[in-house]
Amino acid sequence: MKKYLCFIFIILLFFFKSVKAEDLNLEEEIISFDKINNFSLQGFTTANKYLFMVLVESDDLSSIIQVYDLDTYELVKSYAYKSLGHANDVTYNKNTNKLYILRADGSSLVEVFDGNNWRHEKTIDVKLPIRSITYVDSEDQYYVRTVATGFRLDNKLNWNNKIPFIIGMNFNNDIGRQGWEYYNGFIYYTNWSWIRLGGDGSNIIYVYDLKGNMRQYLHTKEDIGEVEGIAFYNNKMILGFNGYDKKIKFYISDIPSVPEMEPSKEDKEIKEESKSYKIYYIGGLIVIFIIIWKTKNKMCK
């Protein structure tokens, strides 16, 4: 068993080394406010021009909904709400104009909020204890994460396809696994190096394509705080933190380009075989054409 785990670890190390890493320079702070009593930031997302977030009390027994205008960075809505669990992640479906909040921490319940008035509508049991969720508009599906495995749910949040699209994400014991969000063909998955469990307090954003290939990972500086999730607005990324200075803060940044994926050995071999086949095919056509042309000339004589 130990040999098997060691083998997996070596493979993972090789894989991670082959992916480009990039440091994020987060200088543009757009929203910052002092923590409210024992409430900390958890899930958030963008809905139209608004940033919708959930603040959760330390015992997860009550929450606060806050909404900011992303054009002015002004608070436009704030109200106390009953427990939303740990509210680990939030996503927005522009087709239904609904917000979906995960209770997480082993729960399979998703709370649905209206995208116009930001009020609770209903609760859905997805029969799967998911911890991250994002709506992928190009597929009209929800991509969700259990602890370390990703699945696809249909547009009604039904678990029809039980085959995961990704497995074996972050085996590290010191990782705080947070929310993820889809943007422009990729899923951006936020993680925090948990200080209390031996981490250094830095943050990593893993970038996956929809086939489950990790294409990139992004770092933030170690002193900024615990990242809780990621969202996108006007072709920019927004990262939200529980800061180490006891402030809740959001930064906006350019989105680094995702590098092209190196073709696998099998893909290269297939490409070479295809290339050889085309050469032989074209060569064969030329030979046949020459034979026909010579035969015609003989018959004419």
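The values are calculated or read from the model by the stated rules, or taken from the named source; none is laboratory data. Quantities reported herein were computed from a predicted structural model and do not represent experimental measurements. Heads up, the Cβs are rebuilt from the backbone with ideal geometry, glycines too, and the neighbour counts pull from every protein chain shown.
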- Message: Residues that are under 10 Å from the mean Cα position of the chain (by Cα) and of a type in the set (D, E): does the stretch 173-183 have at least one?
- Response: yes
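Yes or no, residue by residue, for (1) farther than 19 Å from E226 by Cα; (2) touching a helix residue (DSSP H, G or I) at 6+ places or on another chain (Cβ under 8 Å); (3) not in a strand (DSSP E or B):
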site: I36; (1), (2), (3): no, no, yes
site: M53; (1), (2), (3): no, no, no
site: V56; (1), (2), (3): no, no, no
site: Y79; (1), (2), (3): yes, no, no
site: N88; (1), (2), (3): no, no, yes
site: N95; (1), (2), (3): yes, no, yes
Scanning the stretch 105-149 for residues that are part of a loop (DSSP other than H, G, I, E, B) and without any contact (Cβ under 8 Å) to a residue 12 or more places away in the chain gives N117, R119
Flagged in the stretch 144-164 as over 15 Å from N191 (Cα atoms) and touching a Ser or Thr at 6+ places or on another chain (Cβ under 6 Å), in numbering order, are P164
Within the stretch 155-168, residues part of a loop (DSSP other than H, G, I, E, B), under 17 Å from the mean Cα position of the chain (by Cα) and not small (G, A, S) come out as I167
Expected single match for out of contact with any Ser or Thr (no Cβ under 9 Å at 6 or more places or on another chain), surrounded by 21 or more Cβ atoms within 10 Å (Cβ to Cβ), within 22 Å of I252 (Cα to Cα) and among the aromatic types (F, W, Y) among Y68, Y92, Y50 is Y68
Over the stretch 150-203, the set of residues buried (at least 21 other Cβ atoms within 10 Å of the Cβ), without any contact (Cβ under 8 Å) to a residue 40 or more places away in the chain and farther than 22 Å from G106 by Cβ is N203
A104 meets each of (1) on the phi > 0 side of the Ramachandran plot; (2) surrounded by fewer than 21 Cβ atoms within 10 Å (Cβ to Cβ) with one exception, condition (2)
Of the residues that make up the stretch 24-38, is at least one loosely packed, with under 15 Cβ neighbours inside 10 Å, at pLDDT below 95 and over 30 Å from N234 (Cα atoms)? yes
Note on the stretch 235-252: residues touching a Lys or Arg at 6+ places or on another chain (Cβ under 7 Å) and at pLDDT below 95 are G243, K246
Within the stretch 204-251, residues being closer than 18 Å to V67 by Cβ and surrounded by fewer than 20 Cβ atoms within 10 Å (Cβ to Cβ) number 4
